[in-house]
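Trainee: This is the structure, below, for whatever I ask next.
The values are calculated or read from the model by the stated rules, or taken from the named source; none is laboratory data. Please read all numbers here as calculations on a predicted model, not as lab measurements. No Cβ is skipped: glycine too gets one built from the backbone with ideal geometry, and neighbour counts run over all protein chains shown. Surface accessibility is based on the protein's heavy atoms, side chains included, excluding ligands, DNA and RNA. Shrake-Rupley method; radii C 1.70, N 1.55, O 1.52, S 1.80 Å.
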Amino acid sequence: MEKTITRSDLANAVHQQIGLSHNECSHLVSSVLEEVTECLISGDSVKLSSFGTFSVQSKNERLGRNPKTGVEAVITPRRVLSFRPSNLMKKRINSA
């Protein structure tokens, strides 16, 4: 069964590695995630060495179709988040 990693899990991992208090680790994890979010909102890419790159891409308005009914509908323009893993991350995942 797959396990979902939460902010709390990340804070505990930082606590075990660094030894800061749980409260400080929680604040540190939240601060990092908030900074990543702010960079993505402003349109910047976030590259984490040996992990991957997060980027926001703009999608134009287009005509789509409901797969059940076949009725055409306009899909509004939007921004989507994409993640591209680094080659090192791909190798680590595939060798596990």
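Trainee: From Cα pairs below 8 angstrom and at least 6 apart in sequence, can you work out the relative contact order of the chain, rounded to a whole percent?
Mentor: Working: 105 pairs, mean separation 18.4, N = 96.
After rounding, I find 19 percent.
Trainee: How many angstrom lie between the Cα centre of the range 47-96 and the Cα centre of the range 1-30?
Mentor: 27 Å
Trainee: Using unit Cβ charges (K, R positive; D, E negative) and no other charged atoms, how large, in debye to the nearest 20, is the dipole of the chain about its Cα centre? Present the calculation step by step, with values, prior to reporting the outcome.
Mentor: On the way: 13 positive and 9 negative charges, 129 e Å.
Roughly 620 debye, rounded to the nearest 20.
Trainee: Which is the longest stretch in the chain that no exposed loop site breaks, taking sites as trypsin sites (Lys or Arg not before Pro) with a DSSP loop state and at most 12 other Cβ atoms within 10 Å? Walk me through the numbers on the way to the answer.
Mentor: On the way: sites that count: Lys3, Lys68.
The reported range is 4-67.
Trainee: For Ser58 and Lys90, what does the FRET efficiency come to when R0 = 30 Å and r is the distance between their Cβ atoms, rounded to the nearest 0.05? Don't skip to the answer; put the middle values down first.
Mentor: Values: r = 26 Å, r/R0 = 0.87.
Using R0 = 30 Å, I get an efficiency of 0.70.
Trainee: Mind listing which GluC sites (Glu not before Pro) in the range 23-96 are in a DSSP loop and have 14 or fewer other Cβ atoms within 10 Å?
Mentor: Numbers: sites: Glu24, Glu34, Glu35, Glu38, Glu61, Glu72; in loops: Glu61.
Those satisfying the criteria are Glu61.
Trainee: Something else about it: Would you mind counting up the charge near Pro85? Only other residues with Cβ under 11 Å from its Cβ, with Lys and Arg at +1 and Asp and Glu at -1. Please report the intermediate quantities before stating the final value.
Mentor: Values: positive: Arg84, Lys90, Lys91, Arg92; negative: none.
Here the charged neighbours net out to +4.
Trainee: With all protein chains present, how much of the accessible area of the range 22-96 (probe radius 1.4 Å) comes from carbon and sulfur, to the nearest whole percent?
Mentor: Details: 3260 of 6100 Å².
For the range 22-96, the apolar C and S fraction of the accessible surface comes to 54 percent.
Trainee: Nearest 10 degrees is fine. How inclined is helix 7-18 to the longest principal axis of the chain, computing both from alpha carbons?
Mentor: 30 degrees
Trainee: With a 1.4 Å probe and every protein chain left in place, work out the accessible area per residue of the range 18-83 in Å², rounded to a whole number. Walk me through the numbers on the way to the answer.
Mentor: Numbers: 5080 Å² over 66 residues.
Accessible area per residue: 77 Å².
Trainee: Shifting gears a bit: Which one of Cys39, Asn87, Gly52 is farthest out on the positive end of the charge dipole of the chain, using unit charges on Cβ (Lys, Arg +1; Asp, Glu -1) and the Cα centre as origin?
Mentor: Value: Asn87.
Trainee: Grab the Cα-Cα distance for Arg65 and Gln17, subtract it from 0.36 nm times how many residues apart they are, and report the gain in nm with one decimal. If you can, show how the numbers build up before the last one.
Mentor: Working: separation 48, 0.36 × 48 = 17.28 nm, distance 4.99 nm.
Stretched out fully, the Arg65 to Gln17 stretch lengthens by 12.3 nm.
Trainee: So, one more: In nm, give the distance between the simple-model label positions of Leu40 and Ala73, each being 7 Å from the Cα along the Cα-to-Cβ direction.
Mentor: 2.4 nm
Trainee: Give me, ordered by chain and number, the residues 5 or more places off Ser86 or on other chains with an amide H under 5 Å from its own placed amide H.
Mentor: Phe51, Gly52, Thr53
Trainee: If I model a spin label as a point 7 Å beyond the Cα along the Cα-Cβ vector, how far apart are those points for Thr6 and Leu81 in nm?
Mentor: Label at Thr6, label at Leu81, 1.8 nm between them.
Trainee: Pick from Val56, Val14, Val46: which is most flexible by mean-square fluctuation in a GNM of the chain where alpha carbon atoms under 10 Å apart are linked?
Mentor: Its mean-square fluctuation being the largest, the pick is Val14.
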